[in-house]
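**Q** For reference, the structure I am asking about is given below.
The values are calculated or read from the model by the stated rules, or taken from the named source; none is laboratory data. Here the structure is a predicted model, which is why all the values come from computation and not from measurement. Here the Cβ positions follow ideal geometry from the backbone for every residue, glycine too, while neighbour counts run over all protein chains shown.
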Amino acid sequence: MRIAQISAPSIILFGGLNMTTRLDVPTVSQAAYETLHRMILSGQFVPGQWIKEREITEILGISRTPVRDALRMLERERLLVSIPHRGFRIPVPTVKELHDYYELRAELEGMAARLASERATDSDIQTLNNLWESAQSSLLAHDVTTLAERNDEFHRHLAACTDNDELVASLLRLRAGIDLYRNLSWAQKPRPAHTLQQHQHILFCVTNRNALAAQESARVHIMDSLSIALQGLATFQSNSGAK
């Protein structure tokens with residue numbers, strides 16, 4: 001079964017969340033998968049939240065088979081976990097998993113910053129500066145959604161400046177796992193402002209072609225993110241009664 005492009009947006013309501021999206025991808029299963037994938041990686045679901053098959057089926061107006069296909073695809077990507085006789089939910093990370101993700105990312109982001117300092121063009125640096133200024137404006141406007149998007153774009157462009165396709169791909173895969181737990185760190189009130197300060201320092205180092213300083217600044221930035229994510233996990237576990 002194929003789904004044609006829908007001229008009017010579909011309104012997706014999951015657990016009280018409102019989301020407008022177009023289901024214009026080739027198959028019904030793929031449409032459901034991409035909708036849920038975007039919502040998960042944008043942090044619209046919190047760790048531990050249940051994804052109800054019946055609710056998704058009713059809202060999307062499709063049968064249960066393509067919904068199940070989409071959920072299984074997300075499970076294979078480790079964006080969902082399946083609980084026997086219960087269904088699917090957003091995984092709750094362990095302390096070790098957070099350490100594993102962030103320690104590896106710290107080294108790769110450090111490498112990206114070092115190579116960007118050596119290889120970025122003036123145009124690349126201007127783009128990084130524009131992204132930082134846009135993020136600053138979003139912070140002042142209390143627009144956390146746009147701020148998070150600019151944060152991601154800053155890191156993606158920094159990696160692209162390296163002209164190393166394998167590094168870019170590795171960071172992209174790693175960020176997909178970390179993005180699951182975005183709410184654990186971004187929910188901490190000092191986090192957005194602190195992130196912008198650290199991005200500004202990374203940008204300063206890259207602009208001045210100080211490769212080693214850029215590497216260390218990026219590494220420290222990611223390890224600080226780990227500390228804040230661990231605090232967020234502890235708060236989440238305390239509030240939910242998790243052990």
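**Q** For the stretch 196-219, enumerate the residues that are polar (S, T, N, Q) and assigned to a helix (DSSP H, G or I). Reasoning before the result, please.
**A** Of the residues in the stretch 196-219, the ones polar (S, T, N, Q) are 197-198, 200, 207-208, 210, 215, 217.
Listed by number, the residues that qualify are GLN197, GLN198, GLN200, THR207, GLN215, SER217.
**Q** Given the conditions (1) among the β-branched types (Val, Ile, Thr); (2) over 15 Å from the mean Cα position of the chain (by Cα); (3) part of a helix (DSSP H, G or I), and given that THR162 satisfies all but one, which numbered condition is not satisfied?
**A** Answer for THR162: the failing condition is (3).
**Q** Then there's this: I'm checking my understanding of the structure. Among residues of the stretch 55-88 that are within 17 Å of the chain's Cα centre (by Cα) and not in a helix (DSSP H, G or I), which one is surrounded by the fewest Cβ atoms within 10 Å (Cβ to Cβ)?
**A** Residue satisfying both the conditions and the ranking: ARG78.
**Q** Look at ILE40 and say whether it is at pLDDT 70 or above, on the phi < 0 side of the Ramachandran plot, among the aliphatic types (A, V, I, L, M) and in contact with a Phe, Trp or Tyr (Cβ under 7 Å, 6 or more places away or on another chain).
**A** no
**Q** Quick one: is ILE59 assigned by TED's automatic domain parsing to the domain that holds VAL81 and at pLDDT below 80? Before the answer, list the steps.
**A** On the way: assigned by TED's automatic domain parsing to the domain that holds VAL81: yes; at pLDDT below 80: yes.
It is true that ILE59 is assigned by TED's automatic domain parsing to the domain that holds VAL81 and at pLDDT below 80.
**Q** Mind counting the residues in the stretch 75-106 that are basic (Lys, Arg) and free of Cβ contacts under 8 Å to residues at least 24 places away in the same chain?
**A** 2
**Q** Still on this structure, I have one more. For the stretch 142-168, which positions are at pLDDT below 95 and small (Gly, Ala, Ser)?
**A** If the condition is that a residue be at pLDDT below 95 and small (Gly, Ala, Ser), then ALA148 is the only one that fits.
**Q** Continuing with the same structure: Determine which single condition ALA113 fails, assuming it passes every other condition in (1) within 25 Å of GLN231 (Cα to Cα); (2) in contact (Cβ under 8 Å) with a residue 60 or more places away in the chain; (3) small (Gly, Ala, Ser).
**A** Going through (1) within 25 Å of GLN231 (Cα to Cα); (2) in contact (Cβ under 8 Å) with a residue 60 or more places away in the chain; (3) small (Gly, Ala, Ser) one by one, ALA113 breaks only (1).
**Q** With respect to THR127, determine if the residue is surrounded by 16 or more Cβ atoms within 10 Å (Cβ to Cβ), outside the structural domain of PHE45 (by TED's automatic domain parsing), more than 16 Å from the chain's Cα centre (by Cα) and in a helix (DSSP H, G or I). Write out each step before concluding.
**A** Numbers: surrounded by 16 or more Cβ atoms within 10 Å (Cβ to Cβ): yes; outside the structural domain of PHE45 (by TED's automatic domain parsing): yes; more than 16 Å from the chain's Cα centre (by Cα): yes; in a helix (DSSP H, G or I): yes.
Spelling it out, THR127 is indeed surrounded by 16 or more Cβ atoms within 10 Å (Cβ to Cβ), outside the structural domain of PHE45 (by TED's automatic domain parsing), more than 16 Å from the chain's Cα centre (by Cα) and in a helix (DSSP H, G or I).
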